[in-house]
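The values are calculated or read from the model by the stated rules, or taken from the named source; none is laboratory data. It should be emphasised that the depicted structure is a prediction, and the values quoted were computed from it without experimental measurement. Counting neighbours? That spans all protein chains shown, and the Cβs are built from the backbone with ideal geometry, glycine included.
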Amino acid sequence: MDSEQSPPTPPTTARSAGRAFAAFHIHNYPWLFTNVMAGSAARWLETLAQGWLILELTNSPFWVGTAAGFRGLGAILFALPSGAALDRFDRRKLLMLARGINVLLGVIVGVLIVTGHEQLWHLLTASMFTGITQAIQVPARHTITYDLGAPSDFLTPTPPTSLRSALRGPPGLPWVGSW
C-alpha cells in the first residue's frame, strides 16, 4: 500500500444536499415535478369531492368505499397492459393521453352535476376510468423522471421524487380540507 495516498474524503453535507436536488438542474425536471404535484393535489380534491357527492346522493358510506374500490380495481386490472404499453410507446404521449382522459372525465361529470343529471353509476364509471388512467400515469411519471437525465443522473431524481411522494400524503391533506 502506498503511504502517499490519502483516504477519500466523505462528501460534505452541502455537497450531498446539492447532489440530492441536482435533478432540478435537468432542463424539464422542474416542469415534471410541478406537474406531478399539481396533479396529486387535483386527485386528492377529486377523491374528496367525489366521496362527498356520492354520500350526498346515496347517504351510504358503502357506496363511497365502492367508488374507491372501483378506482383501485381499474388500476390493478390495467397495471400490466399499461406497463407493456409504456415500454413500447412514447411515455410522454401516453402520459398526456391519460391526463387528457382525466380532464375529459372531469368535464363530463361536472356537466352532469351542473345539469342535475348525475347518478351513482356515472360516478362509479368515472372512478373505474380514473383508476385505469392512474395505471398509466404512475409508472409513466417514474420512468419519465429517468428519461429526462443522462445515465449519470439516474440517482439524482430520487430525493425530489421521494419528497414529492411524501408531500402528497398526510402533509398535503390540510390543503384539500380532509384533515
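Can you say whether GLN119 is out of contact with any strand residue (DSSP E or B) (no Cβ under 8 Å at 6 or more places or on another chain), among the polar types (S, T, N, Q) and farther than 30 Å from HIS25 by Cα, as far as the supplied structure shows?
Numbers: out of contact with any strand residue (DSSP E or B) (no Cβ under 8 Å at 6 or more places or on another chain): yes; among the polar types (S, T, N, Q): yes; farther than 30 Å from HIS25 by Cα: yes.
Here the answer is yes, as GLN119 does meet what is asked.
Would you confirm whether any residue within region 25-43 is in a loop (DSSP other than H, G, I, E, B) and at pLDDT 80 or above?
Taking region 25-43 as the starting set, the residues that turn out to be in a loop (DSSP other than H, G, I, E, B) are 26-28.
After this cut, where a residue has to be at pLDDT 80 or above as well, the list is none.
Within region 25-43, not a single residue is in a loop (DSSP other than H, G, I, E, B) and at pLDDT 80 or above.
Taking every residue in region 21-39 that is of a type in the set (Gly, Ala, Ser) and pairing it with any residue that is modelled with pLDDT of 75 or more and in a loop (DSSP other than H, G, I, E, B), at least 6 positions away or on another chain, yields no pair with a Cβ-Cβ distance below 6 Å. For the structure I just gave you, tell me whether GLY83 is part of a helix (DSSP H, G or I), surrounded by 14 or more Cβ atoms within 10 Å (Cβ to Cβ) and free of Cβ contacts under 8 Å to residues at least 40 places away in the same chain. No; evaluated as a whole, the condition is false for this residue. Here is the figure for region 44-80: residues that are part of a helix (DSSP H, G or I), of a type in the set (Gly, Ala, Ser) and surrounded by fewer than 18 Cβ atoms within 10 Å (Cβ to Cβ) total 6.
Could you tell me whether THR58 is over 14 Å from THR125 (Cα atoms) and at pLDDT 90 or above? Answer is yes for this residue. The set of residues in region 125-145 that are of a type outside the set (Lys, Arg), in contact (Cβ under 8 Å) with a residue 60 or more places away in the chain and more than 13 Å from ALA75 (Cα to Cα) comprises ILE144, THR145. What do you reckon, is VAL111 closer than 18 Å to GLN134 by Cα, aliphatic (A, V, I, L, M) and surrounded by fewer than 13 Cβ atoms within 10 Å (Cβ to Cβ)? Considered against the rule, which asks whether it is closer than 18 Å to GLN134 by Cα, aliphatic (A, V, I, L, M) and surrounded by fewer than 13 Cβ atoms within 10 Å (Cβ to Cβ), VAL111 comes out as no.
Give the residues of region 103-117 that are within 20 Å of GLY39 (Cα to Cα) and either among the aliphatic types (A, V, I, L, M) or at pLDDT below 90 (or both), sorted by residue number.
To start, the set of residues in region 103-117 that are within 20 Å of GLY39 (Cα to Cα) comprises 103-110.
Matches in region 103-117: VAL103, LEU104, LEU105, VAL107, ILE108, VAL109.
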